[in-house]
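Shown next, in structure tokens, is the structure this report addresses.
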Amino acid sequence: MSQILVLIEHANGAVKKVSLELLTLAARHGSASAVVIGPGADNAVADLTRFGAATIYVASDAALTSSVVGPKVSVLNKLLGEHSPAAVLIASTAEGKEIAGRLAVRSSSGVITDAVDIEDGLVVVQSVFGGSTIVRSAVTTGTPIITVRPNSTTPVESSGAGEVVTVSVELAANDTSAVIAEHVVEAKGGRPDLAEAATVVSGGRGVGSAEGFELVEKLADCLDAAVGASRAATDSGFYPHQYQVGQTGKTVSPQLYIALGISGAIQHRAGMQTSKTIVAVNKDAEAPIFELADFGVVGDLFNVAPQLTQEITSRKG
Amino acid sequence: MPLNIVVCVKQVPDSWAEKKLNPDDRTLDRASADPVLNELDEYGIEEALRLQEAHGGTVTILCMGPEKAGETIRKALSMGADQAVHVVDDALHGSDAVATSAALAAALKRVEFDLVILGSESTDARMSVVPAMLAERLSLPQMTFAKKVDADPDARTLTIHRQTDDGYDVVTSSLPAVVSVVEKINEPRYPSFKGIMAAKKKPVETLSLADLSLDPQTVGLAGAWSTVNAFEQRPPRQAGTVVTDDGDGGTKIADFLVTQKFL
């Protein structure tokens, strides 16, 4: 069975959920080979084996993660040359897509981003135009390089052979030309990553102020959810821009999406309408968000959201 | 030292309109919505103009697109850019990101620049790969997803804050470099009346594939390295339950979450 390479996203060996999803997807279409790059890569071996990796390529040199993207492209390109895999799967994150793009150019291969599924024959399913259109495509040249959105599949535990292969690579001159001098963390306390979260609670114009977002955060925290915001809310300075969900922000596809004070303009719908279950609270009964909602409440979010937070907290005991 | 900057821009269907695919060749139906300057590119133009104000030099707009994209180029010039290059050729229709980056790279090889600036993605394809591909093709530092850009043309160095999921990375490189900027790095200016009038007289060089010595077979639909097999409209979501809050709206949502096994 041909190998399918999966680039693993991890923090010092702690594997991100999306990478386990990709391993599961890879095992469905071939022999899943994990590629782990950077310091702590060895720590990932146990988890990757548990989720079906037959082979684990480990490149733990710190130099590979101290420049922007280039070194990771070199590692993958070397493995492409040595093992001729059937495909390369990469998480559809901002950096994942950049790695895919450069790898495509370097290896003369076609690239498809933002897959939501991969079918037999490596046919890639995408959900485009904010989820209104489903597209099936395939790479026709070189090795298919496919980026897959988080939450596209459920990771399944299945013990793999987990054979560890150490990889070292000579970096190309341009791999190290953009040097990461410092990593600055300014995330808000311990919430799950927006793109990966199983539940997202978002606030919009109706939240009214930066202070108002405390109520969004409280509801999010009792659901162990990520916090999102509509463009109207980020444009008004209620919440930082990197939490924007929509056409020009992040695309999310959680199990549960709760929209508070969001009217549901196409700009926002484009980023969330493939969520499995949608709940909306809005004062305006005519708001387009209610066309998407599985459950909607027409009312004042300043009454409804705190009550919901309290109900959830008490029902959880 | 002055800083010569090229800003790549794209004409896209209005991001506030519904978009669809063309059934004949399964490319974007560009007639289905008003064509506009990709709004994320406005941040790139603004950043270039600010760097020009600080350091001097020229700002050149580079756009690949059909004849009609000339309107988008004029919009970019009306914001204050000095000149433009329009890569236009019927054979480019249906180009994928790989081919687009090849055509842009070929055009960039004809001009002297210190910085290439792009928006972080186009609002139509949303692949967000062209800036990285350009860095690869031109063998230049990839300085992408910048939320802050500091150039020192005398020292020939560049520092950016690269946006990450949990904050940002401080990234340094030499010049020239390829930069992409994120939304909200700045507040793009509106074209002034004077700017709009001046834009009409600014030079726009038109380049064909022959001018770029590119084989038409390597671009467009013919040269695409991936192909769209089929597409369909997603069935609309089934209408759910909408209730009016009578003081128990939060409780009702909690009840709903229980039925859906979220609680």
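Brief remarks follow.
- Size of the stretch A:169-305 as Cα extents on the principal axes (Å, biggest first): 60, 28, 26
- Prolate/oblate/rounded call for the stretch A:144-209, Cα gyration tensor, a/c under 1.5 rounded: oblate
- When the convex hull of its Cα atoms is viewed from all sides, the stretch A:1-141 shows a mean projected area of 8.1 nm².
- Estimated 222 nm signal from helices in chain B, with DSSP H stretches of n ≥ 4 weighted -39500 (n - 2.57), rounded to 500: -7500 deg cm²/dmol
- Filter on A:LYS250/B:LYS261; A:LYS17/B:LYS184; B:LYS10/B:LYS68 - keep pairs with C-alpha separation over 20 Å: A:LYS250/B:LYS261; A:LYS17/B:LYS184
- Calculated SAXS-style log₁₀ I(q)/I(0) at q = 0.18, 0.23, 0.30 Å⁻¹ - the stretch A:207-257, Debye, Cα scatterers: -0.55, -0.88, -1.22
- Descending Cα extents along the principal axes, the stretch A:269-317, whole Å: 35, 23, 15
- Value of D in µm² per second that Stokes-Einstein yields for chain A, Kirkwood Rh from Cα pairs, at 37 °C (0.692 mPa s): 159
- For the stretch A:1-80, a/c is not less than 1.5, where a ≥ b ≥ c are the root eigenvalues of the C-alpha gyration tensor, and a/b does not top b/c. That puts it in the oblate class.
- The stretch A:190-273: GluC sites (Glu not before Pro) falling in loop per DSSP and having at most 16 other Cβ within 10 Å: A:GLU211
- With only Cα atoms counted, the stretch B:134-217 has Rg and Dmax values of 17.4, 45 Å.
- Histogrammed with a bin width of 10 Å, the alpha carbon distances of chain B distribute as 6, 27, 30, 18, 9, 7, 2 percent, first bin at zero.
- The protein assembly as shown shape via C-alpha gyration tensor axes, a/c threshold 1.5: oblate
- Each principal axis of the Cα atoms in the stretch A:89-231 has its own extent, and those three values, largest first, are 51, 41, 35 angstrom.
- Loop trypsin sites (Lys or Arg not before Pro), the stretch B:207-263, which have at most 10 other Cβ atoms in a 10 Å radius of their Cβ (DSSP): B:LYS261
- Gain upon complete extension [A:GLU211, A:THR141; 0.36 nm per residue less C-alpha separation]: 20.0 nm
- Loop-resident sites, the stretch B:66-150, for GluC sites (Glu not before Pro), counting at most 16 other Cβ within 10 Å (DSSP): B:GLU112
- Cα convex hull of the stretch B:101-176, projected area averaged across orientations, nm²: 5.5
- Helix-only arithmetic for chain A: the sum of -39500 (n - 2.57) across DSSP H runs with n ≥ 4, divided by the residue total, places the mean residue ellipticity at 222 nm at -8000 deg cm²/dmol.
- Extension gain, B:ARG110 back to B:ARG189 (0.36 nm per residue minus Cα-Cα distance, nm): 25.5 nm
Read-outs throughout are calculated quantities, based only on the coordinates presented, and are distinct from any laboratory measurement. Because the structure is a prediction, the values reported are computed rather than measured. For neighbour counting, all protein chains shown are included, and Cβ atoms are generated from backbone atoms with ideal geometry for every residue, glycine included.
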